[in-house]
Structures are given as structure tokens and as C-alpha cells.
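Please see the structure below; I have some questions.
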Amino acid sequence: MMAVNASFVSPTADAKFANVAAQLDVNGVVSTILSNLTGWKLVLTVLLVLVAYDQFKYIWNKGSIVGPSWKTPFIGPFLESVNPKFTKYHAKWTSGPLSCVSVFHKFVVIASTRDMARKVFNSPTFVKPCVVDIAHKLLRPTNWVFLDGKAHVDYRKGLNGLFTRQALEMYLPGLEEVLNEYFMRWVNISQEQNKGKPVPFMPEFRELMTAISCRTFVGHYMSEETIKKIADDYYLITAALELVNFPIIIPFTKTWYGKKAADMVLVEFAKCAAKSKVRMAASGEPDCILDFWVQNMIASEDYRKKIASGIKAEDVEKPSMLIRDFTDFEISMTLFTFLFASQDATSSASTWLFQIMADRPEFLDKVREENIAIRNGDIHTPLSLDQIEKLPWTRAVVKETLRYRPPVIMVPYIAKKDFPLTENYTAPKGSMVIPTTYLALHDGEAYPDPESYVPERWITGDADKQTKNWLVFGTGPHYCLGQTYAQAALMLMIGKASMMLDWKHQVTDKSEEIKVFATIFPMDDCLLTFSKREA
């Protein structure tokens, strides 16, 4: 039998310990406290200590910046974030250049003004992109977007060649193919399925953007059925990645469903990578981002082999960018980040663009007129990237939509070390630091009458000169790689739609109210009806 003496030392040692403890227990204070702290009293005491520490830590981190004077213990404003309100976000942004909240274990500093936002974007020494806690589990911890410093720069250099103007030209035929298909689909939905009755089209725009992204990224390696499934399930990924979320994955919650959807997308992209490697090795013609990337891998490996065999470097054509071989899963993770970066943002931009053009037909007429003219009257004539960019009104309505209803309103970063944002305030290491773009894009000095939709500012005004305020695609080392393609795609989309379609918008009292779902959408999900335009 085990001895009652649970200390597992000698009786002599126990006696010495008891004597020391008795000496320390002055007037029996320790004994009294321990005897009273039993059961629920001990639990309550520990809880109160933790609550006090949580409040103290928040107040300490908050310092002099704007924010609630106290926080709901532990969870902070988590319950409010379940149904986020744009008006509350906006109030937070306008409350001061820097403001804060604290949710669960995360202290969040919000940089609202143009200069504060730019400081964060341009400070890779102090911050790195973090998205939200759950993103590491969905995108995978080894994903390139979580790399920092030289590792990130080197990886990014290997991707730059996928977004050159020459490469973008190669993606345009696939884009036109998808647009033609979906425009006819919209007519069928409106006229056949709903007999001309307006219905919410935001889900349709999301599906279109998924199809465009997948066609651009992986060409025809992915079936239409798989694209449809990704489009449907991406809602779950978006919901799982909301700004404020529970930090662990619990079965049958948003994050659990989002993780399952992300796993499916990664598997499908990996299948496409394997198919591309086979086709490119057989000297196939590249027609998507994946093909160009794989082709560059093959060319880089061939170059290295020739140099290793003793051939002089000057006798071998060196690829413009030497890159290593990537596994199918590494490629899949990278393509997933492209989808992650584009899907919600372009879905938001296209939804607002179609709604705004329906409500302001005078601008749509100008877009239609110049698109027909540049095609010499043949609406089915494909355009080059140079031609797309020479459509002043088409460019203006797209740029103004991106300014007026910016698809990306916040970009989360994490402080790698204490970050002195001002002379009087330093964001603590480990805190989230979130620059916002909205106020910079609605700055009355840069964009007069900022709350109005005024595309003329991009034609006769000086909006193009306001480069410091143009934060739609970020700035600094993590600016959006696909910004040229994204704008060209939106211009091609609305230009083709203006020639091929007529559409009407049913205005409701929710049409101009902003819904936050990763990005921003009309609260009523944009009620439209489409019909085929007669030439």
C-alpha cells in the first residue's frame, strides 16, 4: 500500500518543512485564507482575479487612444461581430486616427486615416499580414502569404511573372469565354426562371467571379461542376474568416464548415497542378496562370541542369526568373490565396458596379457608346489589354466604383514587435494592427464631394493624382499582385454587358445600405432583372 505521506520524502524532511511553514504563517493568516478559500469561493476568487487582469491589460494596452473605457470580460465585442454593422465600423474609423477594441485574447488597434493606414502598410519591419487566427488553419500555416521578410520577397518575385502585361493578355480569351456564358445564364434566370421579376443577383455575381478566377488560375483543368461547388461552398470560407471570430474550430460551427470547404478547394487545385505539369512537360501551350508558372519551373530546371552539365552560362538562354520546383500542394496553397484575395473583393465590386450603372443610365450609355466604337460596331470583337485601358468612361466608372464602395475596407496585420505608431502611442507586440482604406478613399480634399458617385473626376478631374489616397489595392511590400488584371477584368465585364444586355434594378430602402460580409454589399443583395439587348 502507498504511504499516506504523499510528499515521497523522509519524515525528517517533512518535519522541517512543517516547521518552516509554521514560521511563515504569521498569526495564522495563510491558514485562515486557505481554509476559507474552498469550493466555489476559490473558483470565484480566481475568476475575479482573471477578470481584473483582463481589464487591466486592456486599459494598459489602450493607453491614450480612442476606445471603450472597459471591455466585456474576456470576449469583448464578440457578440456584436456576429452581425457586423457598417455604421459601427464607420463610427469607429471616424472616432480618431487610432482606436482600439479587445476581443478574446487579441488586442486590436485600428489605423483609420490615410497617413496612419499608409504607415502600417509600409512598415514590414514592425508588422506582417495575419488575416485572422483561423486563417492559418484554412490557408495552412506554411502558406506563402504568412512568410515574412526576405522569404516573402523571394517567393513573391517568383510570382511576378504571372502578372506581366504579356501574361495578362493570354488570360483575356478565357475571361471573355466565361462572360459570354454567364451573360446568357443571367438572361435565362431573369426571363425564363423568374418571368422578368427582379431577384437578388449578388450570389450570381459571386459565382461569376469564382468562374472567372478559376478559369484564369487553372484554365480548363477544372470542370464546371467543380467550379460551381467551389462557388457555392466559398460562402462557408468567407463566413469562417470574418474579422472577429472564435479562436478555435468547434464542430458544426462557421469555422468547422469553412475548414471543410477550404480542404476541398485545396484538393481540387492540387489536381489541377498535377494535370498542368503533365501537359506543360509535353510542350502544351499555356493559357492560364498555372500553366505559365509550371512552364517557368520546367524552364528553370532545364537551365540548372545545363549549367550543372558544364555548358557555359552565356551559351544557355536564362529564364527571366529562376524559380525552384513547387509541389502540387504548394501550388494549390498559392492558387487558394489568389482566390482568397480576389473572390470576395471582385464579387463586391461587380455587384455595386451593375447596381450603380442601372441607377445611373447616363453613365452606362457612355460606356456602351465607347465600347461599340472601339470594336467598329461588332460587339463580339475581342479587345487587347491596351484597348481596354483606352476606354475613358469604362475606366472611370470602374475606378469610381472602387473608390465609392471599396471592396477591401480593412487589412489585418500583426505587430512583430512594439510598433511606435505616434510619438505618444506604441502598439504592443502581438496586437493586431488594422489599417482601413475607407476614409482615405472618402477624403474630401483628395476627392471633392466624396459621398457622391462622380466618375468625371477620373476624366476631367485630378483623381488620378491622388496616389497616396488610392489604397484600394493596398501599398507597400504586400500590395495586390493582380490589381491591373482585376481592373481590366471589371472594365471588360461592364463593357461587354453594356453591349449585350439590358438590366433594371429594383430600388429598395436597403439598396444603398451597406452589408458587411468580409467586404461590403448592398443590404438587399442587389435586385436585378436582365434581358438580351437587341443590336
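Using a Förster radius of 45 Å, what is the FRET efficiency between D443 and N188 based on their Cβ-Cβ separation? Nearest 0.05, please.
For D443 and N188, the calculated efficiency is 0.55.
To the nearest Å, what is the center-to-center distance of segment 171-228 and segment 372-448, using C-alpha atoms only?
Centre-to-centre (Cα) distance: 25 Å.
Positive end of the charge dipole of the chain (Lys, Arg +1 and Asp, Glu -1 on Cβ, about the Cα centre): tell me which of M321, W458, V278 has its Cα farthest that way.
Of M321, W458, V278, it is M321.
Along the charge dipole of segment 333-461, which of I434, L353, A396 sits closest to the positive end, that is, farthest toward it, with unit charges on the beta carbon of Lys, Arg, Asp and Glu (+1, +1, -1, -1)?
Result: I434.
Ignoring ligands, DNA and RNA, what percent of the 1.4 Å accessible area of the chain is carbon and sulfur?
It is 60 percent, rounded to a whole number.
Also: Just to verify a number: what accessible area does W503 come out at with the full protein assembly present, 1.4 Å probe, Å² rounded to tens?
Accessible surface of W503 is approximately 20 Å².
What is the dipole size for segment 197-280, taken about its Cα centre, with +1 at each Lys and Arg Cβ and -1 at each Asp and Glu Cβ, in debye to the nearest 20?
For segment 197-280, the charge dipole is close to 260 debye.
Moving to a separate point now. Which of the trypsin sites (Lys or Arg not before Pro) found in segment 443-502 are loop residues per DSSP with 15 or fewer other Cβ atoms within 10 Å of their Cβ? Don't skip to the end; give the middle numbers.
On the way: sites: R457, K465, K468, K496; in loops: K468.
Answer by residue number: K468.
With +1 on the Cβ of every Lys and Arg and -1 on the Cβ of every Asp and Glu, and nothing else charged, how large is the dipole of the chain about its Cα centre, in debye rounded to the nearest 20?
Numbers: 60 positive and 59 negative charges, 283 e Å.
My answer is approximately 1360 debye.
Antiparallel as a % of all DSSP beta bridges within the chain, to the nearest 5?
85
Heavy atoms only, probe 1.4 angstrom, no DNA, RNA or ligands counted: give me D418, D233 ranked by accessible area, highest first. Walk me through the numbers before you get to the answer.
Details: D418 90, D233 35 Å².
The ordering from most to least exposed comes out as D418, D233.
A follow-up question, please. Per the Kirkwood formula on distinct C-alpha pairs, the Rh of segment 259-396 is how many angstrom?
19.0
Per residue of the chain, what 222 nm ellipticity follows from adding -39500 (n - 2.57) for every DSSP H run with n ≥ 4, rounded to the nearest 500?
On the way: 19 runs with 274 residues, N = 535.
Calculated at 222 nm, the ellipticity per residue is -16500 deg cm²/dmol.
Counting heavy atoms of the protein chains only and a 1.4 Å probe, report the per residue accessible area for the chain as a whole number of Å².
48
May I pose another question? What's the whole-number percent of alpha carbon pairs in segment 139-206 lying beyond 17 angstrom?
Counting every Cα pair in segment 139-206, those more than 17 Å apart make up 65 percent.
The values are calculated or read from the model by the stated rules, or taken from the named source; none is laboratory data. What you see is a predicted model, and the numbers here were worked out from it, not measured in a lab. Glycine also receives a Cβ, built like all others from the backbone with ideal geometry; neighbour counts cover every protein chain displayed. To get the accessible areas, we keep the full protein, side chains included, count just its heavy atoms, and leave off ligands, DNA and RNA. Shrake-Rupley method; radii C 1.70, N 1.55, O 1.52, S 1.80 Å.
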